[in-house]
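Written out below as structure tokens is the structure these notes cover.
Just so you know, all these numbers are worked out from the coordinates, no wet-lab data involved. All values reported here derive from a predicted model rather than from experimental measurement. Counting neighbours? That spans all protein chains shown, and the Cβs are built from the backbone with ideal geometry, glycine included.
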Amino acid sequence: MSQASPDELRLHRTGHISHALRCLSGLPGSLTSLDSSRMLIAYYSLSILDLLDGLSEKKKVIEQCREWIWKQFIHSEVGSGFRASPAVCVDEHAETPSSIDSPHLIMTYGALLSLAVLRDDYSQLDRSGIKRLLRSAQRPDGSFSGVPNEGESDVRMVYCAFAICTMLDDWSSIDIDKAITFVQHCRTYEGGYSQVPGQEAQGGTTYCALATLYLSPIPARLSPKERVQTIRWLAWNQDSGFRGRTEKPPDACYSFWCGGAMKILNADGYVNVAENARWLSACQFRYGGISKNPTETPDPFHTYLSLASLAVYQPKVPDDGDAGPGFDATWQLPDHDLLINARRETAEWALLHIPDSPRTESD
């Protein structure tokens, strides 16, 4: 890759903050197809603002977001949790939600962390209802579906279930052993992990699988041989940025999925930090936001995961803040909780305030 100019190596923080705020206030035309997953848009947008300190002195935004998120919290026969979007709500005054308007596992994970970004006290949280949701969502093979008894069930949902149990500090509602067995069956001959057993390994599902194993309260780490094989597959997928599958072009989101997976395995020394940052710099949109590659339009998903990658792999900045033809102080980001996937302070807030019996700060 040719040497970029100093201006190209600036992290456009102000533009990325503006992009996140725009997506919170209303989806741009290029993202209207994602309206049915608006909770995730909120999670990624708020997480962008969190990493960039973009919520300071924005009390109105904080209160509006908090109110909107809690409006998506619903109760049903299968448990309580957060819906994906108001777009799936058929009748908000109905006593029970319809089959398409159900609490969703991924959206519940995103909503809990979004509320942590907003420093909510979770006083409205039905914890026993969320535990029922987790119990209802687990399938006989150990996997979880996003919506109980229907829809996709794969390693992404298992990760969300384990992250939620970690935040609740309560594992009583799920069968951990079955879930771990399902994840292990998703391992492929390459060393990566697929979405479900028998499919192709992908960077995102490999991160989800490894984070699940390392969140588990039951020891479920990789063997030395498995660890070496997985590191090798992940390292092969670095090409300036990272690709998500073998022989595919790099994509900005995999800088976190693959890079994060390597960090979990304590193999971050194999990541070319400067090249990763240069690739993500090239994916920045001049008016804010980061796209999957330099030719695409930006979105909160790729913007947040790119910033999360940079929080994990921060390019070296000279002590005087003037890097000349390299990276300047705009690239400095706060510490990141790799397994929960949030700013460390935000993850600590969730872990402290979500449990039934809140942990003390000394726990």
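General observations
- Relative to the Cα centre, the charge distribution of the chain, modelled as +1 at Lys and Arg Cβ and -1 at Asp and Glu Cβ, gives a dipole magnitude of about 480 debye.
- Within straight-line cross-link reach of Lys248, lysines at Cα separation under 23 Å, skipping those fewer than 8 residues along the same chain: Lys263, Lys292
- Computing Rg and the Kirkwood Rh from the Cα coordinates of the stretch 92-216 gives a ratio, Rg/Rh, of 0.99.
- Neighbour counts of C-beta atoms inside 10 Å place Asp120, Asp337 in the sequence Asp337, Asp120, starting with the fewest.
- Fewest-first ranking of Ile176, Ile48, using other Cβ atoms within 10 Å as the exposure measure: Ile176, Ile48
- Förster radius 25 Å - calculated FRET efficiency between Asp268 and Ile218 (Cβ-Cβ, nearest 0.05): 0.45
- For the stretch 17-81, alpha-carbon Rg and Dmax in angstrom: 13.1, 40
- Within the chain, helix-based [θ] at 222 nm, where runs of 4 or more DSSP H residues each add -39,500 (n - 2.57), nearest 500: -13500 deg cm²/dmol
- One chain, two ends: Ile176 and Ser56. Fully extended at 0.36 nm per residue, the span grows by 39.3 nm beyond their Cα-Cα distance.
- Semi-axis lengths, Å, the stretch 181-317, gyration tensor of Cα atoms, sqrt of 5 times eigenvalues: 26, 15, 13
- log₁₀ of I(q)/I(0) at q = 0.15, 0.18, 0.21 Å⁻¹ - the stretch 158-256, Debye sum with one point per alpha carbon: -0.60, -0.83, -1.04
- Computed from Cα atoms alone, the Kirkwood hydrodynamic radius reported for the stretch 43-87 is 12.1 Å.
- Packing rank of 132-138, 28-34, where each peptide gets the mean count of other beta carbons within 10 Å, highest leading: 132-138, 28-34
- Listed residues Gly259, Gly129, Gly204, most fluctuating in the chain (Gaussian network, C-alpha, under 10 Å): Gly129
- For the stretch 238-338, convex hull of alpha carbons as volume per residue, Å³: 108 Å³
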